[in-house]
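Beneath this line is the structure, given in structure tokens, with notes to follow.
The values are calculated or read from the model by the stated rules, or taken from the named source; none is laboratory data. Everything numeric here is computed off the predicted structure, so don't read it as measured data. Don't worry about glycine lacking a Cβ; one is built from the backbone with ideal geometry, like all the others, and counts go over all protein chains shown. Quick note on the areas: whole protein, heavy atoms, side chains included, nothing else; ligands and nucleic acids left out. Shrake-Rupley method; radii C 1.70, N 1.55, O 1.52, S 1.80 Å.
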Amino acid sequence: MTATIELTERDTRILRALHTHRVLTTPQIGELFFNGTYSRAAQRRLLKLAQRDTVDRFVPHRGHWNAPYHWTLALEGARVLAEQQGLTPQQIGYRADVQRRMRVSSQLPHTTGLAQSYVAFATNARATQGASLQRWWPQARCQTNWGRHVRPDAYLRWRQNDTDVDAFVEYDTGTEPLARVAAKISRYRNLAEETQLRSPVLFIVTGPERLTNLCRVLDIGGRWVPVHVSTLDQLTYPGPARPIWRRAGDPACTLRSMTELT
């Protein structure tokens, strides 16, 4: 029998985050909604939510033996979110079969890495005076808006003091050939020319070697599509507000902060 617990406002935010990002690990949820990566409160609350069948958990078959629990939205959680909008789980895009396949999907490292990118932006914004992550649109919404030209992994708006930075996000696991990644820049340029809007692109990679290689092959992008690259480790610490962004094609390898990307 499903356990009955009263859902809090924070519980609902967790459910929304799982719906948006598809998969979040216990440390990621701890960072976003509790008191840190190793929050016991996060672990206890997630288990309570699982007892109510609002969330599901699994440990990936691939990867390190001590990988944390990975959490997804369960049917009861989808019903909660749908009812708030007067819709059904299907109408908000929930599909149980897709959720189950995620457990063994080859895309799982990309999904969790992109989620970690969001966590890094969100938590660093909270810790940086005058900063806020005002917008994070996931891939599905990006595709609806710009899919004719580009399919970014996310779109963000970072505000710090009086500076706004709107940028597309590409999370790169290193599996795509460099030439295919480089070809994306021309499509971003086509979008910028059509909209007459500046379209910065932030590439987040998994290691320094990939960063060096991407900076070598990526088009500098010009004034309309400036391209910057950083690693997931740097994004996590010291964070995007610090000078961690390297401009593609810049022989000086000058590092910039978010407010210097405008």
task = For the stretch 229-247, indicate whether the set of residues that are in contact with a His (Cβ under 7 Å, 6 or more places away or on another chain), touching a residue at least 24 places away in the same chain (Cβ under 8 Å), among the basic types (Lys, Arg) and open to solvent by 30 Å² or more (accessible area, probe 1.4 Å) is non-empty.
result = yes
inquiry  = Yes or no: the stretch 62-70 includes at least one residue that is among the small types (Gly, Ala, Ser) and part of a helix (DSSP H, G or I).
reply    = no
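Within the stretch 212-228, work out how many residues are over 12 Å from Ala182 (Cβ atoms) and surrounded by 20 or more Cβ atoms within 10 Å (Cβ to Cβ).
So in the stretch 212-228, the residues over 12 Å from Ala182 (Cβ atoms) come out as 212, 222-226, 228.
Now drop any that are not surrounded by 20 or more Cβ atoms within 10 Å (Cβ to Cβ), which leaves 225-226, 228.
Within the stretch 212-228, residues that are over 12 Å from Ala182 (Cβ atoms) and surrounded by 20 or more Cβ atoms within 10 Å (Cβ to Cβ) number 3.
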task = Filter the stretch 26-51 down to residues that are more than 22 Å from Pro89 (Cβ to Cβ) and touching a residue at least 40 places away in the same chain (Cβ under 8 Å) and give me whichever is surrounded by the most Cβ atoms within 10 Å (Cβ to Cβ).
result = Gln28
message = Quick check on the stretch 26-47. Is at least one of its residues in contact with a Phe, Trp or Tyr (Cβ under 7 Å, 6 or more places away or on another chain), hydroxyl-bearing (Ser, Thr, Tyr), outside any loop (DSSP other than H, G, I, E, B) and closer than 24 Å to Phe168 by Cβ?
response = no
message = Cβ-Cβ under 8 Å, sequence separation 6+ or interchain: first residue in the stretch 79-95 and basic (Lys, Arg), partner surrounded by 12 or more Cβ atoms within 10 Å (Cβ to Cβ) and at pLDDT 95 or above. Which pairs?
response = Arg79/Pro89
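Which one is surrounded by the most Cβ atoms within 10 Å (Cβ to Cβ) among residues in the stretch 138-162 that are assigned to a helix (DSSP H, G or I) and more than 10 Å from the chain's Cα centre (by Cα)? Can you show your working first?
Within the stretch 138-162, the first condition is being assigned to a helix (DSSP H, G or I), and the residues that meet it are 139-146.
Filter once more, so that each one left must be more than 10 Å from the chain's Cα centre (by Cα): 140-146.
Details: Ala140: 13, Arg141: 13, Cys142: 18, Gln143: 14, Thr144: 9, Asn145: 13, Trp146: 20.
Only one residue fits best here, namely Trp146.
If you go through the stretch 13-25 one residue at a time, do you hit one that is open to solvent by less than 40 Å² (accessible area, probe 1.4 Å) and modelled with pLDDT under 95? First the steps, then the outcome.
Within the stretch 13-25, the subset open to solvent by less than 40 Å² (accessible area, probe 1.4 Å) is 14-15, 17-18, 21, 23-25.
Then drop every residue that is not modelled with pLDDT under 95, which leaves none.
Checking the stretch 13-25: not a single residue is open to solvent by less than 40 Å² (accessible area, probe 1.4 Å) and modelled with pLDDT under 95.
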ask   = Going by the structure shown, is Leu197 farther than 24 Å from His21 by Cβ and crowded, with 18+ Cβ neighbours inside 10 Å?
value = no
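Would you point out the residue of the stretch 121-132, among those that are outside any strand (DSSP E or B), touching a strand residue (DSSP E or B) at 6+ places or on another chain (Cβ under 6 Å) and not aliphatic (A, V, I, L, M), that is most open to solvent (accessible area, probe 1.4 Å)? It would help to see each step written out before you state the result.
To start, the set of residues in the stretch 121-132 that are outside any strand (DSSP E or B) comprises 121-130.
If we keep only those that are touching a strand residue (DSSP E or B) at 6+ places or on another chain (Cβ under 6 Å) too, we end up with 121-122, 125, 130.
From the residues that got through so far, the ones that are not aliphatic (A, V, I, L, M) too are 121, 130.
Working: Phe121: 0, Gly130: 42 Å².
Step by step, filter the stretch 121-132, then rank; the result is Gly130.
In the stretch 8-25, how many residues are under 22 Å from Leu108 (Cβ atoms) and either part of a helix (DSSP H, G or I) or out of contact with any His (no Cβ under 9 Å at 6 or more places or on another chain) (or both)?
As a first pass, look at the stretch 8-25 and keep what is under 22 Å from Leu108 (Cβ atoms): 14-25.
This time we only want the ones that are either part of a helix (DSSP H, G or I) or out of contact with any His (no Cβ under 9 Å at 6 or more places or on another chain) (or both), so: 14-22.
Within the stretch 8-25, residues that are under 22 Å from Leu108 (Cβ atoms) and either part of a helix (DSSP H, G or I) or out of contact with any His (no Cβ under 9 Å at 6 or more places or on another chain) (or both) number 9.
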key: Answer from Gln107, Gln116 - the residue that is under 22 Å from Asp172 (Cβ atoms), open to solvent by 50 Å² or more (accessible area, probe 1.4 Å) and not aromatic (Phe, Trp, Tyr)   = Gln107
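Quick one: would you say Arg135 is surrounded by fewer than 20 Cβ atoms within 10 Å (Cβ to Cβ), under 14 Å from the mean Cα position of the chain (by Cα), modelled with pLDDT of 95 or more and more than 16 Å from Leu18 (Cα to Cα)? Walk me through it before giving the result.
Numbers: surrounded by fewer than 20 Cβ atoms within 10 Å (Cβ to Cβ): yes; under 14 Å from the mean Cα position of the chain (by Cα): yes; modelled with pLDDT of 95 or more: yes; more than 16 Å from Leu18 (Cα to Cα): yes.
Answer is yes for this residue.
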